[in-house]
Amino acid sequence: MTAALAELRHRLGEIADLRRAERMLIWDMSVLMPAAGGGARAAQLESVERIAHERFVDERIGQLLDQLEPYADGLPYDADDACLIRVTRSDWEKARRVPAELSAEIAKARAESFEVWVDARERSDFDSFRPALERMLGLKQRYAECFAPYDDPYDALLDDYEPGMRTAEVRAVFDVLKPELTSLLAGGPSDEEEGFMRGLFPVDAQHALSLELLERLGAPAGEFRLDPTVHPFATNSGLRDIRITTRYAEDDLYSLFTAMHEFGHGIYQHGVSPSLDRTPMETAPSRTDFSMALHESQSRLWENLVGRSLPFWRWFYPRLQETFPDVLGDVSLERFHRAVNRVRRSFIRVDADETTYGLHIILRFELEQELVAGRLAVKDLPDAWNARFHELFGFEVPNDAAGVLQDVHWGDGLFGYFPTYQLGNVLSVQIWARVAEAIPDLEEQIERGEFADLLGWLRKNLYVHGRKFTPAETIERVVGGPIDPQPYLRYLRDKLGVPSTA
Ligand code: ZN
């Protein structure tokens, strides 16, 4: 038994190393690599991916799991070894369902569709993107078929980002949100942008402030890096080597919110128990992370619930004024706080305020289910998008670049990913409510720039578990029940100053 366990751990440890190497190749590609390195890097990534996949789907892993399952049955459900064997079994069975030839074709289609999409979006020309999207949709439909029988083909795709979650469960949450968000949206106008938000904010000063912020929030020096990139993300090489990326503009302070958002992702990874190091439980065996909704709940918690709150700016605003005295010296705290919480209706998801954001996701969730099920043809997608957009938002999409072509996801094969963003928003508020119960003087602590209790609670109740449990089990553990949209709706009404209907 101990020999089988040692062999399994050894094999999984090697695969975890390959995955970490893969993540560092991607990090380097996005942060440091000269443009001409693209071809060589694509080949490296394909090789590492193939080797890691082959090693993982090996028969030997299955034999070891067969031997170890009786041992796991005798352990408590939450014991590390029991979780290791359960999680590895589920990942292994899933990975073996998809033929290597199909995975390779999807990877190739992803690489090829990216530039087509960039070009199509630039020219707002959906027709030039259509063949690439049709091909990708066909491949993902074949991918979903690998997991038949299912109640809904979308289940198979959603499962990659939210393991174990069913389409019907997402629909139940979104069915509550949709009418509420629509009525909140109809009730409120957009705020004008304040001129001072356009700077000038020199990039060096923003970088220094971001570093200072990360350290104060709880990123230990020597264990985190912060680098600029085009599309910010967080990744890691080990549990003590966290890479956060951000972006800067001299006429905007979004870098501070991006830094806090990516800090949330990074600190989640950083908080995984060292006993799960180099196992599938430290992070997922596929290219995705563990529950994307839980991950996003943490980026949103640090970005919005901490980073856009009044107590936070009571603490940090003087530092900001000191750094940019010409721009902010005469701007009051209240005015600044309002400006960073501006209600902003937008065609573009990533620019949308928190109310509009949820409707953006619901729109995509509905359309992608119809695409995957074959009820909507790609050629009819722009019309369907525009009609549905008008129905939900009450205004017209001006062109495809501001509509159906705005996101990279579908061309990249990420059907089933969008809902996790909104589930993350919903969960962030649910988790926040639990933290606020546990730490009665949370606001006062934040006002003093103290985050140790908050971080400690999140580590102990959430981060430490990594992927030991399914997302549903983890959510139950941390909030004491399933995903519930009500706290999130109360939070939005509060923010918008709309009296609660309940
Ligand atoms: Zn995120």
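The values are calculated or read from the model by the stated rules, or taken from the named source; none is laboratory data. Since the model is a prediction, treat every value here as computed from it, not as a measurement. When we count neighbours, we look across all protein chains shown, and the Cβ atoms used for this are built from the backbone with ideal geometry, even at glycine. These area figures cover heavy atoms from the full protein model, side chains too; ligands, DNA and RNA do not enter into them. Shrake-Rupley method; radii C 1.70, N 1.55, O 1.52, S 1.80 Å.
With every protein chain present, what is the per residue accessible area of region 126-188 (1.4 Å probe, Å²)? Please report the intermediate quantities before stating the final value.
Numbers: 2720 Å² over 63 residues.
For region 126-188, the per-residue accessible area is 43 Å².
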Legend entry - Packing-based order for 158-165, 172-179, 291-298, 142-149, using average beta carbon neighbours within 10 Å, highest first: 291-298, 158-165, 172-179, 142-149
Legend entry - Portion, in percent, of the accessible area of the chain that falls on carbon or sulfur, probe 1.4 Å: 52 percent
Inset, instruction - Determine, at each q value in 0.16, 0.19, 0.20 (inverse angstroms), the log₁₀ of I(q)/I(0) that the Debye formula gives when each Cα of region 249-400 is one equal point scatterer. - result: -1.05, -1.16, -1.20
Inset, instruction - For ALA95 and ARG123, compute 0.36 nm times the residue count separating them, minus their Cα-Cα distance, and round to one decimal in nm. - result: 6.3 nm
Legend entry - Whole-Hz ³J(HN,Hα) from phi, Karplus 6.51 cos²θ - 1.76 cosθ + 1.60, for region 404-414, glycine and proline x: 5, 8, 6, 9, 7, 4, 5, x, 7, x, 8
Legend entry - With all protein chains modelled, accessible area of THR323 [1.4 Å, Å²]: 40 Å²
Legend entry - Whole-Hz couplings from phi, Karplus 6.51/-1.76/1.60, listed for region 488-496; x for Gly and Pro: 5, 5, 4, 4, 5, 4, 4, 4, 8
Inset, instruction - For an R0 of 30 angstrom, estimate the FRET efficiency from the Cβ-Cβ distance between ALA377 and GLN486 and round to the nearest 0.05. - result: 0.20
Inset, instruction - At q = 0.15, 0.19 Å⁻¹, work out log10 I(q)/I(0) for region 335-424 with the Debye formula, treating every Cα as an identical point scatterer and leaving solvent out; two decimals please. - result: -0.57, -0.89
Inset, instruction - Would you work out which of ALA52, LEU25, GLN269 lies farthest towards the positive end of the dipole of the chain? Charges go on Cβ: Lys and Arg +1, Asp and Glu -1. - result: ALA52
Inset, instruction - At 7 Å along the Cα-to-beta-carbon direction for both ARG477 and ASP17, put a label point, then send me their distance in nm to one decimal. - result: 2.8 nm
Inset, instruction - Consider just the alpha-carbon atoms of region 62-123 and return their Rg together with their Dmax, both in angstrom. - result: 19.7, 61
Inset, instruction - Go through region 460-471 residue by residue and turn each phi into a ³J(HN,Hα) via Karplus (6.51, -1.76, 1.60, θ = phi - 60°); whole Hz please, and just put x for glycine and proline. - result: 5, 9, 9, 4, 4, 6, x, 9, 4, 10, 5, x
Inset, instruction - Taking the Cα centre of region 386-502 as origin, sum charge times position over the Cβ atoms of Lys and Arg (+1) and Asp and Glu (-1), and report the length of that vector in debye to the nearest 20. - result: 360 debye
Legend entry - FRET efficiency for ASP251 and TYR71, using Cβ-Cβ distance with R0 set to 56 Å, rounded to 0.05: 0.40
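Write down the percent of antiparallel bridges among all DSSP beta bridges whose residues are both part of the chain, to the nearest 5.
Of all bridge pairs located within the chain, approximately 50 percent are antiparallel.
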Legend entry - Estimated dipole of the chain in Debye, rounded to 20 [Cβ of Lys and Arg +1, of Asp and Glu -1, Cα centre]: 400 debye
Inset, instruction - Kindly provide the Kirkwood hydrodynamic radius of region 2-151 in Å, to one decimal, from all pairs of distinct alpha carbon atoms. - result: 18.2 Å
Legend entry - Solvent accessible area, Å² - SER237, 1.4 Å probe, full protein context: 30 Å²
Inset, instruction - Taking the Cα centre of region 2-151 as origin, work out the dipole magnitude from +1 charges on Lys and Arg Cβ and -1 charges on Asp and Glu Cβ, in debye rounded to 20. - result: 260 debye
Legend entry - Charge-dipole axis of the chain as Lys and Arg at +1 and Asp and Glu at -1 on Cβ define it, positive-most pick from PRO232, PRO471, LEU367: PRO471
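Where does the chain land at 222 nm, in deg cm²/dmol rounded to the nearest 500, when only DSSP H runs of n ≥ 4 count, each adding -39500 (n - 2.57), divided by all residues?
-20000 deg cm²/dmol
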Legend entry - Viscosity 1.306 mPa s, temperature 10 °C, Stokes-Einstein D of the chain from Kirkwood C-alpha radius, µm²/s: 66 µm²/s
Inset, instruction - Among ALA72, LEU8, MET136, flag the residue with its Cα farthest along the positive direction of the charge dipole of region 1-152, charges on Cβ as +1 for Lys/Arg and -1 for Asp/Glu. - result: MET136
Legend entry - Amide H partners (placed H, <5 Å) of ASP252, local residues excluded: PHE201
Legend entry - Over 29 Å (Cα to Cα) - which of LYS379/LYS495; LYS178/LYS495; LYS178/LYS460; LYS140/LYS460; LYS108/LYS379 fall in this group: LYS379/LYS495; LYS178/LYS460; LYS140/LYS460
Inset, instruction - Show the residues, 5+ positions off or on another chain, whose built amide H is closer than 5 Å to the amide H of ASP227. - result: ILE244, THR245, THR246
